[in-house]
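Report on the structure given below.
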Amino acid sequence: MDKKIIAFGASSSKNSINKKLATYTANLFENAKVEILDLNDYEMSVFSVDKEANGFPKEAQAFLDKIAEADLLVVSMAEHNGNYTAAFKNILDWTSRINGKVFQGKRMLLMATSPGARGGKSVLDISKDRFPRHDANLVGTFSLPSFYENFDNANGIINVDLKNELLEIVKEIDL
């Protein structure tokens, strides 16, 4: 029976490089059904306790329901000013109020990429620290620096060393 991978780039950009990396990586796993989420499908008003008093947006529960379907989460974090994107942070804020264990004990391959040489290292470090508190079971992490020099849409990761590093991580994750 095929396992289910839920993957997303933690960005609302229509041309998200993190979504490209998450999609590429999720499809490296054999015998898996892959579903790619688009954060734009979970757009909600900005979280506040005042708005929470009126109830939870259906999009927040829908996001939690998708996480529940996964055998593995492949998440690539976009970095805005060294932290989560506003779109992802808002989803995290809303969903964590419904269920503090947003990631529901699911295994997660956590990644980041950016156009720069640090490859989203700041947001990756923040996420590695934070996500286990929301019940993510981190089974691997990966950073792809200098996205536009190391990735192309037709071939994926083109830097041999970085590609091999990711392939080794994927191989170690038993689906």
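The values are calculated or read from the model by the stated rules, or taken from the named source; none is laboratory data. Since the model is a prediction, treat every value here as computed from it, not as a measurement. Quick reminder, even Gly has a Cβ in these numbers, built from the backbone with ideal geometry, and neighbours come from all protein chains shown.
Can you spot a residue in region 23-39 that is touching a Phe, Trp or Tyr at 6+ places or on another chain (Cβ under 9 Å), of a type outside the set (D, E, K, R) and not in a helix (DSSP H, G or I)?
yes
Of all residues being touching a residue at least 40 places away in the same chain (Cβ under 8 Å) and not hydrophobic (A, V, I, L, M, F, W, C) in region 62-79, which is surrounded by the most Cβ atoms within 10 Å (Cβ to Cβ)? Just the residue, please.
Result: Ser76.
Out of all the residues in region 1-29, which are over 15 Å from Gly120 (Cβ atoms) and of a type in the set (A, V, I, L, M, F, W, C)?
Met1, Ile5, Ile6, Ala7, Ala26, Leu28, Phe29
Could you list all residues from region 87-119 that are small (Gly, Ala, Ser) and in contact (Cβ under 8 Å) with a residue 60 or more places away in the chain?
Of everything in region 87-119, those that are small (Gly, Ala, Ser) and in contact (Cβ under 8 Å) with a residue 60 or more places away in the chain turn out to be Ala87, Ala112, Ser114.
Output the qualifying pairs, or none if there are none: Cβ atoms under 6 angstrom, residues six or more apart or on different chains, first residue in region 152-170 and over 17 Å from Ser114 (Cα atoms), second residue aromatic (Phe, Trp, Tyr) and modelled with pLDDT of 95 or more.
Ile169/Phe142
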